[in-house]
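Below you'll find the structure, written out as structure tokens, and then a few comments.
The values are calculated or read from the model by the stated rules, or taken from the named source; none is laboratory data. Predicted model only: the values in this text are computed from it and were never measured. When we count neighbours, we look across all protein chains shown, and the Cβ atoms used for this are built from the backbone with ideal geometry, even at glycine. Each accessible area value is taken on the protein alone, full model and side chains, heavy atoms only, with ligands, DNA and RNA left out. Shrake-Rupley method; radii C 1.70, N 1.55, O 1.52, S 1.80 Å.
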Amino acid sequence: MIDALAIYTEVDRAKAWIARNQGKKPHFACILGFTDTGLIPGISAAGATPHDRQFTAIADAEFLVNGIQPNPEFPLPPLHVGISPVFISRAVIEALKIPVTVLNAGLPRSPAILAVDLGGAPARCVSTGNAIDLQIVHHLFNQGLKWGEKLAQSADYLVLGECVVGGTTTALAVLTGLGIDAIGKINSSHPVCNHTQKWELVQQGLRQSHCNQVGDPFAVVAAVGDPMQIVVAGMTIAASRICGVLLAGGTQMLAVYALAEAIVQTKAIAWNPEQILIGTTRWVAEDPTGDTVGLAKTLQNVSLIATRLSFAESRWKALQMYEQGFVKEGVGAGGCAIAATVFQSWGQAELLAAIEHLIEQRNQQIE
């Protein structure tokens, strides 16, 4: 089983986490959010145009829950290249009957599926330095604590995923606001990360915010964050006291972990970091235009692992594009693939077959 996974940091902690949760059925919670940062031309490839990117999260969530449908209310938006990572997540949860909860942390419009509305709001652009009202940040953190505890009480372990277009930019902003050197270490949905564009926006936002470089973590999120981050930080803290937590993502979940750690230290509240693992795809972990592993090492005491899933031999060109650095991750794709390995010992063959089957079904419907 371990051959299907790559462990990059804190090897012993990762192996212990896997051993504790092997054979257990996870519960997948996908937290949706939105930031106007995602509307900036060129900032993200998760939707071919800024207009498309307004619908990415709600379309991904609908497909995640419903799978192939003849007439989805929100069809998956077109990408310039590749295919949405939600195909990976959906293939796993459909085949292994993994329960899913969708939480709306702050979207411009509600998804067409049953989702928990957390009473949040979309974030303004990171460049404003005034992304989210502080009272909403505190409210969303408390909602995260509540739902993390609630879901953990009935789950063997939790997989926490996200869908926020522009979220790697807000991740860079929050990491920087927390005093962590993340410049050049983050990833993006582009084949070559647009570090300069992201960094200029982050610098502008931090200047506008007058936020201390190393200050109150809630103030940092209010200044330059997005609504998903504070919810998942709260969920992670609360759930880690009860069960294992797999933070499904790369840059964005490393930022969430750093945020959770800062909150724990600031508020002196209990958590169990030994229960937390960050899991992504190797396309993120081994992206030569970012440094996810270096970022994980900078945070210290955090275990980063990845699925070794490869699309090099796929018969679908849209999947093959992942091997060229397009898309890489999202909607908990890496975490769901890891969970399939931990739960049912799935390796490359099982994962690829399930994902390709789902694409084949979709293509037959289109024809």
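Quick look at the values:
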read-out: Filtered residues of the stretch 351-367 (kept if touching a residue at least 12 places away in the same chain (Cβ under 8 Å) and out of contact with any Phe, Trp or Tyr (no Cβ under 7 Å at 6 or more places or on another chain)); value: LEU351, LEU352, ALA354, HIS357, GLN361, ARG362, GLN365
read-out: Options GLN22, GLN54; residue that is of a type in the set (S, T, N, Q), open to solvent by 10 Å² or more (accessible area, probe 1.4 Å) and farther than 25 Å from ASP156 by Cβ; value: GLN54
read-out: Single residue of the stretch 100-124 satisfying the filter (among the β-branched types (Val, Ile, Thr) and out of contact with any Leu (no Cβ under 6 Å at 6 or more places or on another chain)) that is most open to solvent (accessible area, probe 1.4 Å); value: VAL100
read-out: Any hit, the stretch 288-301, residues being open to solvent by less than 10 Å² (accessible area, probe 1.4 Å), touching a residue at least 12 places away in the same chain (Cβ under 8 Å) and assigned to a loop (DSSP other than H, G, I, E, B); value: no
read-out: So ILE132, is it more than 20 Å from the chain's Cα centre (by Cα), buried (at least 17 other Cβ atoms within 10 Å of the Cβ) and over 25 Å from ARG315 (Cα atoms); value: no
read-out: Matching strands (runs of 3 or more DSSP E) fully within the stretch 1-108 where at least 1 residues are under 30 Å from GLN203 (Cβ atoms); value: 26-33, 100-106
read-out: Residues of the stretch 266-287 that turn out to be at pLDDT 95 or above, under 20 Å from LEU175 (Cβ atoms), part of a helix (DSSP H, G or I) and open to solvent by 20 Å² or more (accessible area, probe 1.4 Å), as a count; value: 1
read-out: Selection count where residues are open to solvent by 40 Å² or more (accessible area, probe 1.4 Å) and among the hydrophobic types (A, V, I, L, M, F, W, C), scope the stretch 25-39; value: 1
read-out: ALA255 vs. criteria in contact with a Leu (Cβ under 7 Å, 6 or more places away or on another chain), part of a helix (DSSP H, G or I) and open to solvent by 10 Å² or more (accessible area, probe 1.4 Å); value: no
read-out: Residue within the stretch 18-32 that is among the aromatic types (Phe, Trp, Tyr) and either modelled with pLDDT under 95 or in contact with a Cys (Cβ under 7 Å, 6 or more places away or on another chain) (or both) present; value: yes
read-out: Residues satisfying the stated conditions in the stretch 317-367, i.e. aromatic (Phe, Trp, Tyr) and open to solvent by 20 Å² or more (accessible area, probe 1.4 Å); value: PHE326, PHE343, TRP346
read-out: Answer from ALA262, ALA233 - the residue that is of a type in the set (Gly, Ala, Ser), modelled with pLDDT of 95 or more, assigned to a helix (DSSP H, G or I) and under 17 Å from the mean Cα position of the chain (by Cα); value: ALA233
read-out: Whichever residue in the stretch 135-182 is small (Gly, Ala, Ser) and closer than 20 Å to THR281 by Cβ and, among such residues, is surrounded by the fewest Cβ atoms within 10 Å (Cβ to Cβ); value: ALA182
read-out: Of all residues in the stretch 183-231 being hydroxyl-bearing (Ser, Thr, Tyr) and under 30 Å from THR101 (Cα atoms), the one that is least open to solvent (accessible area, probe 1.4 Å); value: SER188
read-out: One residue from THR56, THR49 being free of Cβ contacts under 8 Å to residues at least 12 places away in the same chain and of a type in the set (Ser, Thr, Tyr); value: THR49
read-out: Selection within the stretch 302-331 - within 11 Å of TYR8 (Cα to Cα), in a loop (DSSP other than H, G, I, E, B) and either among the aliphatic types (A, V, I, L, M) or free of Cβ contacts under 8 Å to residues at least 12 places away in the same chain (or both); value: VAL302
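A quick yes/no check of all residues on (1) modelled with pLDDT under 95; (2) under 20 Å from the mean Cα position of the chain (by Cα); (3) among the aliphatic types (A, V, I, L, M):
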{"site": "GLY144", "(1), (2), (3)": "no, yes, no"}
{"site": "GLY148", "(1), (2), (3)": "no, yes, no"}
{"site": "TYR157", "(1), (2), (3)": "no, yes, no"}
{"site": "VAL164", "(1), (2), (3)": "no, yes, yes"}
{"site": "ALA171", "(1), (2), (3)": "no, yes, yes"}
{"site": "ASN187", "(1), (2), (3)": "yes, yes, no"}
{"site": "ASN194", "(1), (2), (3)": "yes, yes, no"}
{"site": "LEU201", "(1), (2), (3)": "no, no, yes"}
{"site": "ASP216", "(1), (2), (3)": "yes, no, no"}
